[in-house]
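Down below is the structure, laid out as structure tokens.
All of the numbers you see were taken from the coordinates with simple rules; none came from a lab. Since we're looking at a predicted model, the values are computed, not measured. Ideal geometry is used to build each Cβ from the backbone, glycine not excepted, and the neighbour counts take in all protein chains shown.
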Amino acid sequence: MNVEVTPTPVPAPLLAATPEIAHVGIVGAGQMGNGIAHVCALAGVGVTMLDVKPEALDKAMAVMARNMERQVNRKLISAEDKDAALARIVTTTDYAAFGEADFVIEAATEKEEIKRAVFKTLIPHLSPSCMLASNTSSISITRLGAATDRPEKFVGMHFMNPVPVMKLVEIIRGIATDEPTFLAVDALAHKLGKTTAVAEDFPAFIVNRILVPMINEAVYALYEGVGSVEAIDTSMRLGANHPMGPLELADFIGLDTCLSIMQVLYEGLSDSKYRPCPLLVKYVEAGWLGRKTGRGFYDYGQTPPRPTR
């Protein structure tokens, strides 16, 4: 006698709920940090912004107020939106202020040892459920996450500069990043009005893997005498329809940041095509870092800026 046995259905595993991000902490009040604070606050998210220098926090609040006022004048937001957003931002020099944060974004200098030091100081002050991100433009998310006590809650969230204007956010999962963290960060990016691109955790991700070697090649063209600063930038603006020439763009990004990204690519991929141009190294050694220092491939002490080479 054959007896048909109906197998007992096995319930599908329940997916963990996507955490809600209502309050964001930001470490670093520089250009990227204050830009991230700007868009979070306008989206209705509470922000705590930390910097070790009180004067950097004052400057950041002034920059955000000025940038939001421009948005008011262009009728992109109302005066009430501006006032409400600025009121959502709390500034501090004390890491203990992050105790209530759902999510903290590190936006410190693009140096791995600095970022590791930030996380070491930050982690004891966080709730166990708090998620973490780095705004790094090139450094391994897996490696940074492994240096924390919560690699599964660690993700890369790379905003483009200037943050209030640029629409893209790269999201990078480390090898240990869990799905709820990824989904929560992706949802936050869309709440901020951004479009996301998911990148694998390889050196420099997508945008800078393509963009910064192009800039480095432009510096090589200058170094080898192929063209002047003005000729190279004009050629790429008019010949490739780029809104900004590569050397002007390098000054805008910061030559130290460009060099750091090239070093990450060169060391991480062991390919000679990513070797930083000696002229780029020389400019950084001279402290000619671009717009932020008043001199790079252009001298910004005069109008219009004059090429320095």
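Just a few scattered comments:
- Residues with amide H under 5 Å from that of residue 104, placed H, sequence gap 5 or more: 25, 131, 132, 133
- Computed label-point distance, nm, for sites residue 92 and residue 80 using a 7 Å Cα→Cβ extension: 3.0
- Under-5 Å amide H pairs with residue 295, H placed in peptide plane, nonlocal only: 289, 290, 300
- Each of residue 53 and residue 197 was given a label point 7 Å from its Cα along the Cα-to-Cβ line. The distance between the two points is 3.1 nm.
- Cβ-derived FRET efficiency at R0 25 Å, residue 273 paired with residue 160, nearest 0.05: 0.55
- Inter-centroid distance (Cα atoms) of region 75-118 relative to region 241-277, Å: 27
- For the chain, taking the reciprocal of the average inverse distance between every pair of different Cα atoms yields a Kirkwood hydrodynamic radius of 21.0 Å.
- Counting Cα-Cα pairs of region 23-199 in 5 Å increments starting at 0 gives whole-percent bin shares of 1, 9, 19, 23, 22, 15, 7, 3, 1, 0.
- Computed P(r) (all Cα pairs; region 217-262; 5 Å bins; percent): 5, 24, 29, 25, 15, 2
- Percent of beta bridges antiparallel (DSSP, the chain, rounded to nearest 5): 25
- In terms of distances greater than 27 angstrom between alpha carbons, the cross-link table entries 120/153; 194/282; 111/292 yield 194/282.
- Convex hull (Cα only) mean projected area of region 96-215, reported in nm² to one decimal: 7.2
- Placed amide H near residue 91: partners under 5 Å, 5+ positions off or other chain: 49
- Extension gain for residue 223 to residue 72 (0.36 nm times residue separation, less C-alpha to C-alpha distance): 50.0 nm.
- Taking all pairs of distinct alpha-carbon atoms in region 102-148, Kirkwood radius in angstrom: 10.8
- Partners of residue 82 within straight-line reach, counting lysines whose Cα lies under 18 Å from its Cα and excluding those fewer than 8 residues away in the same chain: 59, 191.
- Candidate aspartates and glutamates - alpha carbon under 12 Å from residue 115, same-chain residues fewer than 8 apart omitted: 106
- Quotient of C-alpha Rg and 2.2 N^0.38 Å, computed over region 183-309: 1.16
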